[in-house]
Ligand SMILES: N[C@@H](CCC(=O)N[C@@H](CS)C(=O)NCC(=O)O)C(=O)O
């Protein structure tokens, strides 16, 4: 039995999960769903979404569920903070990133008129303002890198690599966070997607 990750290299949710696998040093195989237009994924799970994990024959869908399961079965190098209060806040921030920042990414990517672009930039300004304060004087939101940082990084990284929008220079803490993540994940450049199997 083995672990397989059905994924696509450009998906931000897949990148989130790849970082969790790498931090925890869990060996896994990659199945690139673009190679067969998701045929093997649909055969295995009856649905199209990535990331999906084949966990020794059992299908596990959704980056949040996959990360939580890996944490339970591979608790070393935890990606959640200590203590229930911090953990609850971390889960809320993971969800905010996955469910809210994703829409700002889609809005920016799909903006075809100056008005739509302006609205997307306004959405991002709201989020950058929140993030700028979250990362004030901190490398990570909690006492170590957690799933909240990883989820936020994945969305901001997608904004940079795929949407081709650069974080404005006045958000110094957000830019410092991205540079810190780049170094921690050993990326040569922020233009690269995270591909390492372990850190
Ligand atoms: N909440 C899910 C979101 C997953 C998701 O939206 N995946 C996209 C790629 S980024 C996908 O596979 N879309 C294809 C589809 O829905 O058919 C997660 O965290 O894994």
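The values are calculated or read from the model by the stated rules, or taken from the named source; none is laboratory data. What you see is a predicted model; the values in this text were computed from it and never measured. Virtual Cβ from ideal backbone geometry, glycine too; neighbours counted across all protein chains shown.
When segment 24-42 is limited to residues that are under 24 Å from residue 94 (Cβ atoms) and touching a helix residue (DSSP H, G or I) at 6+ places or on another chain (Cβ under 8 Å), the one that is nearest to the ligand (Cβ to nearest atom) turns out to be 33.
Screening residue 44 on (1) within 20 Å of the chain's Cα centre (by Cα); (2) without any contact (Cβ under 8 Å) to a residue 40 or more places away in the chain; (3) not in a loop (DSSP other than H, G, I, E, B) shows it passes everything except condition (1). Where helices (runs of 4 or more DSSP H) fall wholly inside segment 105-199, the ranges with 3 or more residues that are surrounded by 14 or more Cβ atoms within 10 Å (Cβ to Cβ) and either over 14 Å from the mean Cα position of the chain (by Cα) or modelled with pLDDT under 95 (or both) are 114-134, 172-184. Please tell me if residue 68 is assigned by TED's automatic domain parsing to the domain that holds residue 28, part of a helix (DSSP H, G or I) and either within 16 Å of the ligand (Cβ to nearest atom) or without any contact (Cβ under 8 Å) to a residue 24 or more places away in the chain (or both). Judged against the criteria, residue 68 is a match.
The single condition from (1) closer than 30 Å to residue 126 by Cα; (2) without any contact (Cβ under 8 Å) to a residue 40 or more places away in the chain; (3) within 11 Å of the ligand (Cβ to nearest atom); (4) surrounded by 12 or more Cβ atoms within 10 Å (Cβ to Cβ) that residue 97 fails is (2).
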